[in-house]
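Heads up, the thing below is written out as C-alpha cells.
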Amino acid sequence: MAWPHLIDAIQLSGRVALVTGAGAGLGQAIARELAALGAQVAVLDVDAQAGARTAQALPQAMALGCNVAEAEHVQHAVAQVLQRWGQLDVVVNCAGVASAPGMPFTQCSPADWQRTLNINLMGAVHVCGAARDALLASPAGRVVNVSSITGVISAPYMPAYSVSKAALISLTKVLARELAPHGVTANAVCPGFIWTPMWDALGQTMAAREGHNDGRAVFDQRIQTHVPMQRPQTEGDVAHCVAFLCGQAARHITGQVIGVDGGVTI
Ligand SMILES: NC(=O)c1ccc[n+]([C@@H]2O[C@H](COP(=O)([O-])OP(=O)(O)OC[C@H]3O[C@@H](n4cnc5c(N)ncnc54)[C@H](O)[C@@H]3O)[C@@H](O)[C@H]2O)c1
C-alpha cells in the first residue's frame, strides 16, 4: 500500500489556520511554523500591535486584535477569517496567562480564578465554538490546545493556572470524541519550561518572593531540579510538535496529550 512520505504529509498548503496568542512566545513560533509549511495564518492576540508585528513577518497572514475571553469578540474574529479566506481548517489555542501565585490556594481571590479560567479555558471554548462549523466543513479539521505540564501534574504555586490547564486537557478529549466521526482531530500539547515573556514575568515574581531579583536564576534552577533532560525546551520544539499535529500525517492522532517537556512528566 502506498502512502505519502512524511515530508509531503506535513505540508499545509491550501489550509487556513487561526493561532491565538500569536503576538509573542509560543503562539508566535507556532504561527511562523504553520506559515513555513504553507498555511495562511490568522494571528489573533489581545495585544493587537504584537499580533500585527507577527503577521507582517509572514507571507500570507492577517492580524486580529481580540480577547479570547470575550465570546462575541471571538465570533467576530472568526467571521473575519471566513470572510477573507472562505475556510478555516486549523485552530491552535495558545493564548494563556499565568495566574497569580497562591500558596496556600486560599490566597487566590475569586477574581484570580475567574480571570485565569476565562482566558485559559473559556478562550478555547469560545474559539472552538466559533470555528466548529468551519472545522466540520474542512477536509482536514484540526484543533490543537496548548496546555501545560501543570495540567498533567499539579502546580500548587499556581492553583488557578494548573486547574485551567487540566480543564483544557479535558476539553480536548471531549472535543476529540465529538468531532472524530467528522474527521476532525483535537489534541493537547503540554510544554514544559520555555523562556518566553510569560516566564520572564513569572520568574521575576518568584524571585521577589525568594528575596532577590534574578528571575532567570529561578527558571534555571527549575530546569536543574525538574527536567530529566537538564535543558529548557525552545519555542521551536513546541511549534514543531503542534505543526505535525496540524498536518495529514497526524490524521489518526486524536484526543492525545503530548508533553514537550524534556521528561518532566515521566
Ligand atoms: N512558557 C512556558 O514555559 C509555558 C509552559 C507551559 C505552557 N505554556 C502555555 O503556552 C501558551 C503560550 O505561553 P507563552 O509562554 O508563549 O506566553 P506569553 O505570555 O509569552 O505569550 C502569550 C500571548 O498570549 C496573548 N494573550 C494573553 N491573554 C490573551 C487573551 N485574553 N486573548 C488573546 N491573547 C491573549 C498575549 O498578549 C501574548 O502575546 C500559554 O497558554 C501558556 O500557558 C507556556
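The values are calculated or read from the model by the stated rules, or taken from the named source; none is laboratory data. All values derive from a computational prediction rather than experimental measurement. Counting neighbours? That spans all protein chains shown, and the Cβs are built from the backbone with ideal geometry, glycine included.
Table: residues versus (1) under 20 Å from the mean Cα position of the chain (by Cα); (2) at pLDDT 95 or above; (3) within 23 Å of ALA250 (Cα to Cα).
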residue: CYS94; (1), (2), (3): yes, yes, yes
residue: VAL97; (1), (2), (3): yes, yes, no
residue: VAL127; (1), (2), (3): yes, yes, yes
residue: ALA130; (1), (2), (3): yes, yes, no
residue: ARG142; (1), (2), (3): yes, yes, yes
residue: PRO156; (1), (2), (3): no, no, no
residue: VAL174; (1), (2), (3): yes, yes, yes
residue: PRO181; (1), (2), (3): no, yes, yes
residue: ASN187; (1), (2), (3): yes, yes, yes
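From the list ALA160, ALA166, which residue is within 13 Å of the ligand (Cβ to nearest atom), free of Cβ contacts under 8 Å to residues at least 24 places away in the same chain and assigned by TED's automatic domain parsing to the domain that holds GLY21?
Values: ALA160 fails: free of Cβ contacts under 8 Å to residues at least 24 places away in the same chain.
When all the criteria are applied, what remains is ALA166.
To keep it simple, each residue is scored yes or no on (1) surrounded by 15 or more Cβ atoms within 10 Å (Cβ to Cβ); (2) within 22 Å of SER147 (Cβ to Cβ).
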site: GLN49; (1), (2): no, no
site: ALA61; (1), (2): yes, no
site: VAL74; (1), (2): yes, yes
site: GLN87; (1), (2): yes, no
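For every residue, the table says whether it meets (1) hydrophobic (A, V, I, L, M, F, W, C); (2) in a helix (DSSP H, G or I).
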position: TYR161; (1), (2): no, yes
position: LYS165; (1), (2): no, yes
position: ALA180; (1), (2): yes, yes
position: ALA188; (1), (2): yes, no
position: MET198; (1), (2): yes, yes
position: ALA207; (1), (2): yes, yes
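Scan (1) outside the structural domain of ILE30 (by TED's automatic domain parsing); (2) surrounded by 19 or more Cβ atoms within 10 Å (Cβ to Cβ) for the single condition VAL242 breaks and write down its number.
(1)
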